[in-house]
1. Can you find a residue in the stretch 105-113 that is farther than 27 Å from residue 160 by Cβ and not in a helix (DSSP H, G or I)?
2. Looking at (1) surrounded by 12 or more Cβ atoms within 10 Å (Cβ to Cβ); (2) over 18 Å from residue 45 (Cβ atoms); (3) modelled with pLDDT under 95, which is the only condition residue 145 fails?
3. Please verify whether the stretch 48-66 includes one or more residues that are assigned to a loop (DSSP other than H, G, I, E, B), loosely packed, with under 13 Cβ neighbours inside 10 Å and free of Cβ contacts under 8 Å to residues at least 12 places away in the same chain.
4. Search the stretch 148-187 for residues being surrounded by 13 or more Cβ atoms within 10 Å (Cβ to Cβ) and outside any helix (DSSP H, G or I), and hand back the single one that is farthest from the chain's Cα centre (by Cα).
């Protein structure tokens with residue numbers, strides 16, 4: 001397979017949490033003045049599993065429970081397998097981090113049986129996965145939209161995700177060879193991505 005085409009066949013998947021209304025707050029104050037900023041102790045959040053490839057985004061899975069291996073497997077069955085086959089037939093590889101729920105015995109058994117083509121991924125290296133950059137962009141866009149309720153947050157996320165085109169995703173996919181080279185050159189240490 002041609003190297004460029006093989007990178008295009010990779011499906012990037014991961015989870016993220018999105019807190020309602022959480023963003024960076026910048027404040028200027030004179031050093032001699034005390035400033036009290038009201039905060040919310042328990043900010044509502046949603047958890048999201050997402051995936052994409054050069055062909056487009058995969059259906060989101062939005063949930064509130066903490067993910068474990070069983071939930072992870074149900075998500076792969078319902079949101080990954082059919083879409084990956086539709087986009088890439090049997091010529092795709094899954095790229096995901098080595099989170100414990102991905103590497104548990106039950107998850108490994110499912111992956112070996114159902115997704116035998118996986119891209120080996122180094123532990124503790126978020127710099128490699130372009131989905132982390134896409135997640136950062138999604139969170140920034142959601143902050144701009146300013147949802148005020150969990151329902152609005154979910155709706156805005158689904159609308160935003162549905163509008164992401166393959167053309168928008170292509171630079172994320174194309175960046176992987178550069179990322180790999182940079183990680184190798186830095187002996188596995190953090191890179192600027």
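1. Residues of the stretch 105-113 farther than 27 Å from residue 160 by Cβ: 105-113.
Adding the requirement that they be not in a helix (DSSP H, G or I) leaves none.
Checked against the condition, which is being farther than 27 Å from residue 160 by Cβ and not in a helix (DSSP H, G or I), the stretch 105-113 yields no hits at all.
2. (2)
3. Looking only at the stretch 48-66, we keep the residues that are assigned to a loop (DSSP other than H, G, I, E, B), and these are 54-55, 58-60, 64-66.
From what is left, the residues that are loosely packed, with under 13 Cβ neighbours inside 10 Å are 64-66.
Then drop every residue that is not free of Cβ contacts under 8 Å to residues at least 12 places away in the same chain, which leaves none.
Checking the stretch 48-66: not a single residue is assigned to a loop (DSSP other than H, G, I, E, B), loosely packed, with under 13 Cβ neighbours inside 10 Å and free of Cβ contacts under 8 Å to residues at least 12 places away in the same chain.
4. Here the residue is 175.
The values are calculated or read from the model by the stated rules, or taken from the named source; none is laboratory data. Predicted, not measured: the structure shown is a model, and the values here were computed from it. Cβ: placed from backbone, ideal geometry, glycine included. Neighbour counts: every protein chain shown.
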